[in-house]
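Participant: Sharing a structure below in structure tokens format, with a few things to ask.
FYI, it's all coordinate maths here, none of it is from the lab. If you're wondering where the values come from, they're calculated on a predicted model, not measured in any experiment. No Cβ is skipped: glycine too gets one built from the backbone with ideal geometry, and neighbour counts run over all protein chains shown.
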Amino acid sequence: MNPFETCRSTRNRISVLLTLDDGPGKDFFRKTDFLHRRGLFAVFFCVGQLLEQKPDAGLHALRRGFHLANHSWSHRRFSDLSRRQQHEEILRTDRLIDDLYHSAGISRPGRYFRFPFLDRGDAEDAAMTRGLLVETGHSPLTGSEGPDCGFTFDTRDYWYPAKSQKLKRFFFEQALWRRMRRHLKTARREERAEVFVMHDAWGSHPLFDKTIQFLQKQQIVFLTAATLDRIPVPC
Ligand SMILES: [Zn+2]
């Protein structure tokens, strides 16, 4: 496809990739099914040790067309780990994800890694990890530089107030819609692709559902597995 054609056809519509970190948590099935019913794609950056406990969750996601990606084995800050531990965090999780793709009978479409807390460790360690990621075939997602995956908007759903705090929840949601509207307005002006991050380990599924419903009402093209590599080009 001619990328310029793509750009013209999506002018004023932003491309958004949905990503979910920290799973599989207790809402994982609910969230994957919610997205699947709406025909939406997402990349799930999973924590290896959680995925090891819930391989059925990983298989469930794969069979619904989602991508599984690497968010380290134990979700510790890389600054607190030795270089050997850092590399093991990546490689062990990658082996588990390989096994899940194999069990699902699906060939792994790409290798994606996101640092927990986006903490790459000190400069020397970060350079070594970068080398490891390149060597092992990891690539960035839309909008990222380097072999690890960042994001452009964080819903900060980990701060969503408890169920009993109804009023606080209401104000949290209102502030999030305002922040998203502002962010999308800027992204639309700059014609850039967006990577949204939400989280799976915080029991925040009511907010998750509302966030997806909110995004579906915006002028957005949701990236899919087939359009994951789409890079916005200047028109
Ligand atoms: Zn995380």
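Participant: With r as the distance between the Cβ atoms of S107 and A127 and R0 = 30 Å, compute the FRET efficiency 1/(1 + (r/R0)^6) and round to 0.05.
Facilitator: After rounding, the FRET efficiency stands at 0.45.
Participant: Does anything in region 44-59 have its amide N under 17 Å from the 7 Å Cα→Cβ label point of R30, and if so which residues?
Facilitator: 57
Participant: Shifting gears a bit: Check region 3-222 and count each lysine pair with an alpha-carbon distance under 29 angstrom, considering only pairs eight or more places apart or from different chains.
Facilitator: 25
Participant: Let me ask something additional. When the Karplus curve 6.51 cos²θ - 1.76 cosθ + 1.60 is applied with θ = phi - 60°, which whole-Hz ³J(HN,Hα) does each residue of region 89-100 get, with x for Gly and Pro?
Facilitator: Along region 89-100, the couplings run 4, 6, 5, 5, 5, 5, 5, 5, 5, 3, 4, 5 Hz.
Participant: Further question: Let's test the formula: R0 of 25 Å, r as the Cβ-Cβ distance of R77 and D99. What FRET efficiency results, to the nearest 0.05?
Facilitator: Working: r = 26 Å, r/R0 = 1.05.
That gives a FRET efficiency of 0.40.
Participant: Right, something else. Neighbour counts of other C-beta atoms within 10 Å: give me H138, H75 arranged from fewest to most. Present the calculation step by step, with values, prior to reporting the outcome.
Facilitator: On the way: H138 22, H75 18.
With the sparsest Cβ surroundings first, the list reads H75, H138.
Participant: I've got another one for you. May I ask you to derive the relative contact order of the chain, considering only C-alpha pairs under 8 Å and at least 6 residues apart, and to give it as an integer percent?
Facilitator: Relative contact order here is 32 percent.
Participant: Under the rule of -39500 (n - 2.57) per DSSP H run of 4 or more residues, summed and divided by the residues of the chain, what mean residue ellipticity at 222 nm is obtained, to the nearest 500 deg cm²/dmol?
Facilitator: Values: 8 runs with 104 residues, N = 235.
Value at 222 nm, helices only: -14000 deg cm²/dmol.
Participant: Provide the FRET efficiency to the nearest 0.05 for the L59-F117 pair, computing r from the beta carbons and using R0 = 30 Å.
Facilitator: 0.60
Participant: Let a ≥ b ≥ c be the square roots of the eigenvalues of the Cα gyration tensor of the chain; is it rounded (a/c under 1.5), or, if not, prolate (a/b larger than b/c) or oblate?
Facilitator: Since a/c stays below 1.5, the shape of the chain is classed as rounded.
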